[in-house]
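Worksheet: one structure, shown below.
The values are calculated or read from the model by the stated rules, or taken from the named source; none is laboratory data. Keep in mind it's a predicted model, so treat the numbers as computed, not measured. Glycine also receives a Cβ, built like all others from the backbone with ideal geometry; neighbour counts cover every protein chain displayed.
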Amino acid sequence: MQSAFPQRRSEEPALSLAFPSEMAASHWPVSRDVLLETGRQEYLDALPIAGAVICADGPGHIWIDKSNRHFRRIAGLDGNPVDAPIADARLMTASEIGGRVEAFIISDAEESEFDSGDGTVGGRHFAVRFARLRPAPYAPYRCLLTLIDRTAQVDTERSLRAEMLRDSLTGLPNRLAFAENVELLLQHPNFSEGSHAVLVIDMARFSRVNECVGAIAGDELLIAFASRLFSALAPGNVLARIGSDEFGVLMRLDTGLDDALAAARRIKEALVMPFRLSELEIQVDCSIGCALVSGEVDFAEEVVRNAQFAVKRAKDNNEIHVYEPHEGQAARRLFSLETELRRAIENGQLTMAFQPLVDLQSGAVSGFEALTRWERDNGDHAHASEFIAVAEESGLIVPLGRWAIEEAVRTLADWDEKAGQELPLYMGVNVSAVQIARDDVAAQVSAALAHHKVEGRRLTLELTESAIVRDPERAASVLNGLKALDARIAMDDFGTGYTSLAYLQRLPIDILKIDRSFVSQMMTDRDSFAIIRAVLSLATALGMSTTAEGIETEDLARTLGYLGCSHGQGYHFAMPMTADDAYAYILSRSAPST
């Protein structure tokens, strides 16, 4: 019967176990075969690792020809067997090694190696290597099998990985482990859209608690908080700590999004009772954002970020917020806008537009408000409210604000040079609350005025009420520094914020600018009319002048002037214009009428 094993060619290279006894066999009084067998066994016994010679001569007839004590101990072979079938070795039958050695020995491969990581042989792990041996008269197919015990290394790696994936404080999975769970879900062949959701829970007031009661008590609170969260979740949900005071939940949705909302409500209810820390009882709330796990995302971390984005929205309205895809697109657009804005500032691509401020009593142009304009690379004009918000959030408002002050003062100096005299005009420049907090505005103004030889009385810095409310002491210091330069201070959009009347009394404010939302409705809305009259009376009592924004008709201009408003600006007078057009506008308004 013809053998099913492929015939090996004698000229094929193969590993040979050669020994000194082979070279000198003719000089020994024992047979050459005995010397060879003895030498090969001595070679195996000398190996510090488990080794065996595996032989085969036909289908299903594979045996362990020789082995050392390390191999026999691991394989479960007793004594010193000769020609033991591989089925007698527990190592071969209880692990993948037996099947793989059978496949190798009938193949043409010269060597093979792999990790036996199933741990089925006494819970141990081995690096396994097969190497082809030359055929012998009694066995045309032979290989050397060696085993290196990697159990200690594998256990260490597993232990380190477990530590790497575990939050040391709460014992919960950490962010990396949580992302891996989401990733495994996305890669599962049975995963279906909308079958799972990620909740992100942000603990409220944790930083304040940490500051008041200390880090140790703060850690106790985190542990207790995690315990409350765990008790509110259903079996099978994965709870992890993904940030200092943020926790994530991966949950299955059996009945759709309602399951996630129900879980979020249970979490809220679990936090109703205050936490006891030593002698203190602390009430802790949370904000919860939810994102459905979708196959449309590229990686697991994106799902977590979507849920975190939803948390930010949840903080605004104190409700559970579910992430919508268009929200992420809007967020990415803002990041793109930030990159473009940074380049525009660095490359000098911003421009300035100027809108006249008109004396409502005489009709003369008293000054201009400088407005930043940005034409993007694609030709679109970015809306100021959008890119200013991006600049404030990213910190770009500092270089942007410095550029605006410098450009406004330079333009005023250029107009003086063209006119051959100092024009009776002032320039208004907006100053952000973030700029007040982060930059030395007074120093920037002083440098710009000195560089262009413009007097401080011709510059008005316009700031919103939020710049004062955010940090009154800082605002007072900055405003006093500006007043020392003889600059004037205007409060922009007055009436729309939360300014205390005490601030108006204490701070060196010169001008109140009435917001356009009141001005545009004053002729049809009695409340708006009453508010404007009250603001004008307040300004008169405090010795301040007033400017009305958004004047678009002659009736508005005449009525505001009659009520005692000092100045006005709006499309009725002129739209924002370039520096050259603004200068021409000055000349046209100054020319005597014929």
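Only residues in the stretch 227-247 that are farther than 20 Å from PHE309 by Cβ count as the first member; pair them with residues that are among the small types (Gly, Ala, Ser), Cβ under 6 angstrom, at least 6 apart or cross-chain, and list the lot. Filtered contacts from the stretch 227-247: ARG228/ALA270; ALA232/ALA270.
Being crowded, with 18+ Cβ neighbours inside 10 Å, of a type outside the set (A, V, I, L, M), free of Cβ contacts under 8 Å to residues at least 60 places away in the same chain and in a helix (DSSP H, G or I) is a property that THR559 has. Filtering SER545, SER566, SER537, SER588 for residues that are in contact (Cβ under 8 Å) with a residue 40 or more places away in the chain, closer than 27 Å to ARG457 by Cβ and of a type in the set (Ser, Thr, Tyr) leaves a single hit, SER566.
In the stretch 127-142 there is at least one residue matching the filter, namely being in the same structural domain as HIS61 (by TED's automatic domain parsing), without any contact (Cβ under 8 Å) to a residue 60 or more places away in the chain and of a type in the set (Gly, Ala, Ser).
Checked against (1) free of Cβ contacts under 8 Å to residues at least 40 places away in the same chain; (2) closer than 27 Å to ALA582 by Cα, GLU406 meets all criteria but (1).
Kindly evaluate GLU392 against the criterion of being farther than 15 Å from ALA344 by Cα, surrounded by fewer than 20 Cβ atoms within 10 Å (Cβ to Cβ) and in contact (Cβ under 8 Å) with a residue 24 or more places away in the chain. Before you say what the answer is, go through the steps one by one.
Values: farther than 15 Å from ALA344 by Cα: yes; surrounded by fewer than 20 Cβ atoms within 10 Å (Cβ to Cβ): yes; in contact (Cβ under 8 Å) with a residue 24 or more places away in the chain: yes.
Yes; evaluated as a whole, the condition is true for this residue.
Among the residues of the stretch 291-301, the one identified as surrounded by fewer than 16 Cβ atoms within 10 Å (Cβ to Cβ) and part of a helix (DSSP H, G or I) is GLU301. The set of residues in the stretch 94-124 being of a type in the set (Val, Ile, Thr), over 22 Å from PRO48 (Cβ atoms) and modelled with pLDDT of 80 or more consists of ILE105, ILE106. Taken together, the residues in the stretch 125-172 that are more than 41 Å from the chain's Cα centre (by Cα) and either of a type outside the set (Gly, Ala, Ser) or modelled with pLDDT of 90 or more (or both) amount to 20.
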